[in-house]
1. Looking only at helices (runs of 4 or more DSSP H) that lie completely in segment 31-94, which have at least 1 residues being touching a residue at least 60 places away in the same chain (Cβ under 8 Å) and under 16 Å from PHE123 (Cβ atoms)?
2. Considering only segment 49-59, state which residues are under 11 Å from the mean Cα position of the chain (by Cα) and open to solvent by 40 Å² or more (accessible area, probe 1.4 Å).
3. Do we find that ARG20 is surrounded by 11 or more Cβ atoms within 10 Å (Cβ to Cβ) and either farther than 19 Å from GLY116 by Cβ or at pLDDT below 95 (or both) in this structure?
4. Within segment 96-114, can you find the residues that are among the β-branched types (Val, Ile, Thr), farther than 21 Å from ALA60 by Cα and under 14 Å from the mean Cα position of the chain (by Cα)?
5. Can you name every residue in segment 76-126 that is open to solvent by less than 50 Å² (accessible area, probe 1.4 Å) and among the acidic types (Asp, Glu)?
Amino acid sequence: MTFAGCVLAIMLAHVNPSARDSLPPNLVNDAKSIITFLSTGHADSVQSRMTPEAQQRRTAAQRDSLWHVLVSQVGPFRRFGAARVEQAQDGGRTVVMELVFANQPVQGSVAYDATGHVTSVLFQSQ
């Protein structure tokens, strides 16, 4: 193989989405940024990162509204607690983390597909 052929092969390997994992490099920090966008009224920033199916389930305005309902039930968001990353069978991953609110902790999860798009953001009381 010529030098130009080697360079082309390397470039194609890095451009081809199936050749590398396209998930964010630090999933916990990325999931925290998603929750931060929601907690600061910027669900539109989250919406643009979601899969088309997830975008159809709820609009950015509906996501903002759901956050306000959550805060009305558990108080203002205070801080992030422990977090872990769970592997999905389809190549995706889910970040599960404790979210500390004024009145009670809530378990939050941000699920990613194998391409790095957000498939869901869920909140459950603990």
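1. 43-47, 52-57
2. Result: ARG49, single match.
3. no
4. VAL96, the sole residue that qualifies.
5. Result: ASP113, single match.
The values are calculated or read from the model by the stated rules, or taken from the named source; none is laboratory data. Just so we're clear, the structure is a prediction, and the values are computed from it rather than from any experiment. When we count neighbours, we look across all protein chains shown, and the Cβ atoms used for this are built from the backbone with ideal geometry, even at glycine. The protein model used for the area step is the full one, side chains on, heavy atoms only, and it has no ligands, DNA or RNA in it. Shrake-Rupley method; radii C 1.70, N 1.55, O 1.52, S 1.80 Å.
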